[in-house]
Amino acid sequence: MSKQPIDLGTALAGFDEIWSPRIVAHVNDYDVRLAKVAGEHVWHVHENTDEFFHVLDGTLDIALREEAGERVVTLPRGSVFVVPRGTYHKPSSVDGAALLLFEPTGTLTVGDAHEEVPEYVDVTVGHDISVQPAENVLR
């Protein structure tokens, strides 16, 4: 991981794969991940951790299965949302989106239980990203 500031735009420009998050930083026992998404992910659940979403660009829909039934939360650019642990959810984006995620290090992108995973969804704990430090930063 870089010991210098990281420009998120530069980091996002460094990869094209969808549903394949990149780890840009660590905070205690958590990964800060960037992801590009388009289309649908899979229904999945993280039994022991919440999942934090921040939409950097585009719009993200998150379908949720809750006690009261299913609902969809729509997150426009700049929005944040936390999916509580133990809640089945399915992120999707019709036109594509860029996300910032916080998850405990080692958390699988498809959670602890999930439906069948299509080829375009990367089952991973995240990939380290190598980016140049942000320019014009006091050193």
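The values are calculated or read from the model by the stated rules, or taken from the named source; none is laboratory data. Values in this document were obtained by computation on a predicted structure and should not be read as measured data. Counting neighbours? That spans all protein chains shown, and the Cβs are built from the backbone with ideal geometry, glycine included. Just so you know, the surface numbers come from the protein's heavy atoms only, side chains and all, with ligands and any DNA or RNA stripped out. Shrake-Rupley method; radii C 1.70, N 1.55, O 1.52, S 1.80 Å.
Any residue in the range 50-76 that is open to solvent by 70 Å² or more (accessible area, probe 1.4 Å) sitting within a Cβ distance under 6 Å of a residue that is assigned to a loop (DSSP other than H, G, I, E, B)? List the pairs, counting only those 6 or more apart or interchain.
Taking only residues 6 or more apart or on different chains, the pairs are ASP57/ARG77.
Filter the range 1-49 for residues that are free of Cβ contacts under 8 Å to residues at least 40 places away in the same chain and either in contact with a helix residue (DSSP H, G or I) (Cβ under 6 Å, 6 or more places away or on another chain) or open to solvent by 70 Å² or more (accessible area, probe 1.4 Å) (or both) and give the result.
Within the range 1-49, LYS3, ALA13, ASP16, ASN28 qualify.
Would you pick out the residues in the range 1-50 that are in a loop (DSSP other than H, G, I, E, B) and among the hydrophobic types (A, V, I, L, M, F, W, C)?
If the condition is that a residue be in a loop (DSSP other than H, G, I, E, B) and among the hydrophobic types (A, V, I, L, M, F, W, C), then MET1, PHE15, TRP19, VAL42, TRP43 are the ones that fit.
Would you kindly identify the strands (runs of 3 or more DSSP E) lying entirely within the range 57-128 that contain at least 3 residues that are not hydrophobic (A, V, I, L, M, F, W, C)?
60-66, 69-75, 88-104
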